[in-house]
């Protein structure tokens, strides 16, 4: 799942990326806007790829808690580079996501991402 997300994001493929989310997924990313449903999430990524085409996100320090064989909570650090937005966003953040397994396929149902303090550091 994480590898698929990384590849779709790197390829700026909003459709493939949004298909990794459940139909009724609920997310709030760094822009602090609430997106509900796969179509809304797809539009969010399309806008992000147009508005900031050089943006790159890398993730590290993944931690997973397996609640059941069909429910996993994941948290990781995010490293943001390449943004041309002015003023430039912070370069570090975190996210937490809840995955469910439906019909043998993992989907993101809930995701939150936020900037970490201090806002700028390398």
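The values are calculated or read from the model by the stated rules, or taken from the named source; none is laboratory data. The structure displayed is predicted, hence computed values, not measured ones. Cβ sites come from the backbone with ideal geometry, for glycine too, and all protein chains shown count toward neighbours.
Filter region 11-29 for residues that are closer than 26 Å to residue 86 by Cβ and surrounded by fewer than 12 Cβ atoms within 10 Å (Cβ to Cβ) and give the result.
Passing the criteria: only 11.
Scan region 52-68 and give yes if some residue there is at pLDDT 95 or above and in contact with a helix residue (DSSP H, G or I) (Cβ under 9 Å, 6 or more places away or on another chain), otherwise no.
No, region 52-68 has no match at all.
Hey, among 2, 72, which residue is more than 15 Å from the chain's Cα centre (by Cα) and surrounded by 14 or more Cβ atoms within 10 Å (Cβ to Cβ)? Reasoning before the result, please.
Working: 2 fails: more than 15 Å from the chain's Cα centre (by Cα).
Of the residues listed, the single one that is more than 15 Å from the chain's Cα centre (by Cα) and surrounded by 14 or more Cβ atoms within 10 Å (Cβ to Cβ) is 72.
Out of 29, 44, 34, which single residue is touching a strand residue (DSSP E or B) at 6+ places or on another chain (Cβ under 7 Å), free of Cβ contacts under 8 Å to residues at least 60 places away in the same chain and closer than 18 Å to residue 10 by Cα? Working first, answer last.
Numbers: 29 fails: free of Cβ contacts under 8 Å to residues at least 60 places away in the same chain; 34 fails: closer than 18 Å to residue 10 by Cα.
Within the list 29, 44, 34, the selection yields 44.
Touching a residue at least 40 places away in the same chain (Cβ under 8 Å) and either surrounded by 12 or more Cβ atoms within 10 Å (Cβ to Cβ) or within 17 Å of residue 115 (Cα to Cα) (or both): is that true of residue 85 in this structure?
The answer is no for residue 85.
Identify all residues within region 30-47 that are surrounded by fewer than 20 Cβ atoms within 10 Å (Cβ to Cβ), under 27 Å from residue 91 (Cβ atoms) and touching a helix residue (DSSP H, G or I) at 6+ places or on another chain (Cβ under 7 Å); write none if there are none. So that I can check it myself, show each step before the final result.
Quick first cut of region 30-47, residues surrounded by fewer than 20 Cβ atoms within 10 Å (Cβ to Cβ) only: 30-34, 36-40, 42-44, 46-47.
Narrowing the set further to residues that are under 27 Å from residue 91 (Cβ atoms) leaves 30-34, 40, 42-44, 46-47.
Matches in region 30-47: 42, 46.
Restricting attention to region 1-43, and to residues there that are assigned to a helix (DSSP H, G or I) and farther than 24 Å from residue 101 by Cβ, which single residue is modelled with the lowest pLDDT? Quick ask: steps written out before the conclusion?
Start the filter on region 1-43 by keeping residues that are assigned to a helix (DSSP H, G or I), which leaves 2-10, 14-18, 38-43.
Restricting the remaining residues to those that are farther than 24 Å from residue 101 by Cβ gives 10, 43.
On the way: 10: 87, 43: 95.
The residue in question is 10.
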